[in-house]
Amino acid sequence: MENRGFSKVQILLLVLPWVLLASTYFIFDTLAKMLDLKLAYFIGFIFYWVFWCYLVPVYVLGINTFKNVFQRVVHPFGKSYWIGILLLILPPLLAFSTVFIKKLPDANLIIILGSLAIAVINATGEEILWRGVYIEEFPNNIFWGYLYPSIGFALWHISPQIVVESKMPGGVYAFVLGALFLGLCWGWVAYKTKSIRWSVYSHIITDFLGLGATIYFLTS
């Protein structure tokens, strides 16, 4: 790839979404052929979380800069604060109205606690990778710092659906488009504030309301 003023780290981030998609697709597909689907799904996510969401950002940013993505900011929701608040509230509201209400009657204590743990690990890691790393390296470029990683965030969701396909109308395509919408919401706040502090909270709540642990305890 020709270097058009990009640093080595920035070039790495430009190719990262495609390498991530290829590697996770391969991992989920391989595991699905070898293991029980629930176990394959879980191990696939472990690989995604440990390697891509935590180890790669620490390597790219270094441990000191890594901490900066959680920094406090003067304008916590962006200068147009009402837009930021709206974009942080919308994802949990959608998850509550479309998923949580339907799944709650079947949710026991194990599902609730498991979903909370999954939400904290997944949401924090994804915000670090898809928002924190990119706004740190492309703080003043709205395409590379905001739009590009939002697209990558959406496309990555293709991989786990090799094992457990979305049951929502529209299947995989609708799920990816939904993820793109969520990524644009959280990404806008992160890009405007140069911090993932608030997007992490919204993402955790949204993931929890999706009650992710039901995949392991309720599906056949």
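FYI, it's all coordinate maths here, none of it is from the lab. It should be emphasised that the depicted structure is a prediction, and the values quoted were computed from it without experimental measurement. Note: ideal-geometry Cβ built from the backbone for every residue, glycine included; neighbour counts use all protein chains shown.
In this structure, the pairs whose alpha-carbon distance is over 22 Å, taken from K38/K167; K33/K102; K102/K167; K67/K192, are K33/K102.
Extending 7 Å from Cα along the Cβ direction at L218 and again at V19 yields two label points whose distance is 3.8 nm. Annotation: for a label point projected 7 angstrom from Cα along Cα→Cβ of L86, residues of the range 134-160 with backbone N closer than 20 Å are 147.
In percent, rounded to a whole number, the relative contact order of the range 8-217 is 36, using alpha-carbon pairs under 8 Å and six or more apart. Here the range 8-217 is treated as a sphere whose radius is the Kirkwood value from Cα pairs; by Stokes-Einstein at 10 °C and 1.306 mPa s it diffuses with a coefficient of 91 µm²/s. The local environment of G178, defined by Cβ-Cβ distances under 15 Å, has a net charge of -2 under the rule Lys, Arg +1 and Asp, Glu -1.
Grab the other residues whose beta carbon is less than 13 angstrom from that of F217, score K and R as +1, D and E as -1, and report the net.
Its environment carries a net charge of +1.
Counting Lys +1, Arg +1, Asp -1, Glu -1, what net charge surrounds F77 among other residues with beta carbon under 11 Å of its beta carbon?
Charge balance near F77 sits at +3.
Working ranking of peptides 96-108, 121-133, 193-205 by packing, defined as the average number of other Cβ atoms within 10 Å per residue, highest first, is 121-133, 193-205, 96-108.
Taking the alpha-carbon centroid of each part, what is the distance from the range 44-119 to the range 180-213 in angstrom? For the range 44-119 versus the range 180-213, the Cα centre distance is 5 Å. In sequence order, the range 45-61 has phi-based couplings of 5, 4, 4, 4, 5, 5, 7, 7, 7, 10, 5, 4, x, 5, 5, 5, 8 Hz under the Karplus curve 6.51 cos²θ - 1.76 cosθ + 1.60, θ = phi - 60°, and Gly or Pro positions carry x.
A Cβ-based charge dipole, computed about the Cα centre of the chain with Lys and Arg at +1 and Asp and Glu at -1, lands at about 460 debye. Backbone N atoms of the range 174-213 closer than 15 Å to the 7 Å Cα→Cβ label point of F96 belong to residues 202-211. Residues whose amide H falls under 5 Å from that of A213, counting only those 5 or more places apart or on a different chain, are S115, with hydrogens built in the peptide plane. Taking amide H as placed 1.01 Å from N in the peptide plane, the amide H of H157 sits under 5 Å from none that are at least 5 places away or on another chain.
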